[in-house]
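The values are calculated or read from the model by the stated rules, or taken from the named source; none is laboratory data. Everything numeric here is computed off the predicted structure, so don't read it as measured data. Heads up, the Cβs are rebuilt from the backbone with ideal geometry, glycines too, and the neighbour counts pull from every protein chain shown. Heavy atoms of the whole protein, side chains included, go into the accessibility calculation; ligands, DNA and RNA do not. Shrake-Rupley method; radii C 1.70, N 1.55, O 1.52, S 1.80 Å.
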Amino acid sequence: ILELFGNLTDDGTLARIGATIRPNTVGASTLAAMAVPPDRLEDVAGLVNAEPSVNHNYQRTHRFNMWFVATASDQCEITSTLNSISSRTGLDVLNLPLERAYHIDLGFRLSGQRRMTEKPARHGGLQVSVDAADRQLLAELEDGLELCPRPYQRLAARLGQSEASVISRLSGLIDSGVISRFGCILRHRKLGFRANAMTVWDVPDDQVDELAERLAAIDYVTLCYRRARRLPHWPYNLFAMIHGRKEQEVRRQIDAAELATGLYQCSRSVLFSTRCFKQRGARYFSQLRGAA
């Protein structure tokens with residue numbers, strides 16, 4: 001098993017074995033977008049990727065063609081990151097913070113269907129109380145578990161704790177919802193999932209929760225969340241991701257989802273990802289690593 005995981009890591013399929021932190025439970029995060037002139041994409045991507053808080057950066061098929069995620073220990077650091085990117089590139093940055101998650105980070109089968117089948121839970125932006133030891137543990141986990149026979153024992157040694165206490169603390173973070181998933185984090189594009197669409201709708205505010213919950217319950221919808229509008233440039237408030245292998249199949253799924261939920265009545269835009277500039281785990285507490 002260790003040899004298998006090692007080979008998957010070497011070829012870039014396995015990013016890490018570790019935790020996915022639910023947005024807005026600890027620290028701060030946001031999704032941001034930029035309209036980058038095509039001849040500047042490579043240069044701007046390099047500047048964006050250089051920011052320590054940026055963990056994902058994709059090119060998508062839209063006038064706003066660069067989309068990145070920033071995570072940090074607090075909102076001030078997020079604001080500083082976005083201001084720095086705007087200043088260094090000379091381009092406006094569209095800040096689209098999460099307002100409500102309906103289905104996020106529960107994973108999906110390689111067949112494209114959802115891995116977990118329980119009713120999607122609604123998670124708002126309520127902060128969960130974590131102590132200094134929790135933060136230190138999450139910091140040491142940012143790069144995932146070591147590929148060794150006793151990874152939790154190795155993690156515990158770095159923290160100066162017992163293996164049992166580390167496992168117990170991780171269980172508590174999972175139970176409280178801070179950790180939404182613990183397992184293999186794969187780079188889905190390496191596995192053939194290259195027709196990945198972020199679909200966005202302009203939904204009346206008094207209908208968005210009802211329609212979003214219908215959308216989140218559909219098996220092939222892998223992420224579903226509400227984000228802030230930014231008028232007049234960005235009117236959309238409901239976001240969903242569908243990860244697929246072929247564009248035509250994904251477009252059929254989007255159309256079927258609209259008919260099933262009633263979203264066909266709302267204006268939409270479909271943004272396919274065309275290039276991955278950066279993908280790694282979120283860094284909320286990097287400054288704490290090695291400080292135990």
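Step through the residues of the stretch 179-186 one at a time and calculate ³J(HN,Hα) from phi using the Karplus curve (6.51 cos²θ - 1.76 cosθ + 1.60, θ = phi - 60°), rounding each to whole Hz and writing x for Gly and Pro.
Values, residue by residue: 8, 7, 7, 10, x, 7, 9, 9 Hz.
So what are the ³J(HN,Hα) numbers for the stretch 170-178, from phi and the Karplus equation (6.51, -1.76, 1.60; θ = phi - 60°), rounded to whole Hz, Gly and Pro as x?
With coefficients 6.51, -1.76 and 1.60, one gets 4, 4, x, 5, 5, 4, 7, x, 5 Hz.
In the stretch 162-292, what percent of the accessible surface is made up of carbon and sulfur (1.4 Å probe, ligands and nucleic acids excluded)? The partial results should precede the final answer.
Details: 2940 of 6100 Å².
Within the stretch 162-292, the accessible surface is 48 percent carbon and sulfur.
Build a GNM of the chain with springs between Cα atoms under 10 Å: which of L170, L145, L231 gets the top mean-square fluctuation?
Residue with maximal mean-square fluctuation among L170, L145, L231: L231.
Give the angle, between 0 and 90 degrees and rounded to the nearest 10, that separates the Cα long axis of helix 75-89 from the longest principal axis of the Cα atoms of the chain.
60 degrees
Set the Förster radius R0 to 30 Å, insert the Cβ-Cβ distance between L41 and T13 as r into 1/(1 + (r/R0)^6), and round the FRET efficiency to 0.05. Mind dumping the intermediate values first?
Details: r = 26 Å, r/R0 = 0.86.
With R0 = 30 Å, the Cβ-Cβ based efficiency is 0.70.
Which whole-number value in Å² is the accessible area per residue of the chain, probe 1.4 Å? The partial results should precede the final answer.
Working: 13740 Å² over 292 residues.
That works out to 47 Å² per residue.
With springs only between Cα atoms under 10 Å, which of D255, D39, D202 fluctuates most in a Gaussian network model of the chain?
D39
Compute the signed sum of charges (Lys and Arg +1, Asp and Glu -1) over the other residues within less than 12 Å, Cβ to Cβ, of S269.
Working: positive: R60, R63, R268; negative: D202.
Taking every other residue near S269 into account, the sum is +2.
Based on Cβ point charges of +1 for Lys and Arg and -1 for Asp and Glu, what charge dipole magnitude is obtained for the stretch 212-273 about its Cα centre, in debye rounded to the nearest 20? The partial results should precede the final answer.
Details: 10 positive and 6 negative charges, 54 e Å.
Using Cβ point charges on Lys, Arg, Asp and Glu, the stretch 212-273 gives about 260 debye.
How big is the stretch 217-292 by the Kirkwood estimate over distinct Cα pairs, in Å? Before the final figure, lay out the partial values.
Details: mean 1/r = 0.0649 Å⁻¹.
It works out to 15.4 Å.
Expressed as a fraction of 2.2 N^0.38 Å, the rule-of-thumb size for a compact globular protein of N residues, what is the C-alpha radius of gyration of the stretch 166-292?
Details: Rg = 17.6 Å, N = 127, 2.2 N^0.38 = 13.9 Å.
After normalising by residue count via 2.2 N^0.38 Å, the value is 1.27.
Of the candidates A257, A72, A133, which one comes out as most mobile in a Gaussian network treatment of the chain with C-alpha springs shorter than 10 Å?
A133
Per residue of the chain, what 222 nm ellipticity follows from adding -39500 (n - 2.57) for every DSSP H run with n ≥ 4, rounded to the nearest 500?
Working: 8 runs with 88 residues, N = 292.
The helix-only estimate for the chain comes to -9000 deg cm²/dmol at 222 nm.
Step through the residues of the stretch 52-61 one at a time and calculate ³J(HN,Hα) from phi using the Karplus curve (6.51 cos²θ - 1.76 cosθ + 1.60, θ = phi - 60°), rounding each to whole Hz and writing x for Gly and Pro.
Each residue of the stretch 52-61 in turn: x, 7, 7, 10, 10, 8, 10, 8, 10, 7 Hz.
To the nearest whole percent, what portion of all C-alpha pairs in the stretch 148-213 is separated by more than 14 angstrom? All intermediate terms of the calculation are to be shown ahead of the outcome.
Working: 1622 of 2145 pairs.
Of the Cα pairs, 76 percent sit more than 14 Å apart.
Which of the trypsin sites (Lys or Arg not before Pro) found in the stretch 206-263 are in a DSSP loop and have at most 10 neighbouring Cβ atoms, other than their own, within 10 Å? Intermediate values should be presented prior to the final figure.
Values: sites: R214, R226, R227, R229, R230, R245, K246, R251, R252; in loops: R229, R245, K246.
The qualifying sites: there are none.
Largest first, please: the extent of the C-alpha atoms of the chain along each principal axis, to the nearest Å.
Result for the chain: principal-axis Cα extents of 56, 44, 38 Å.
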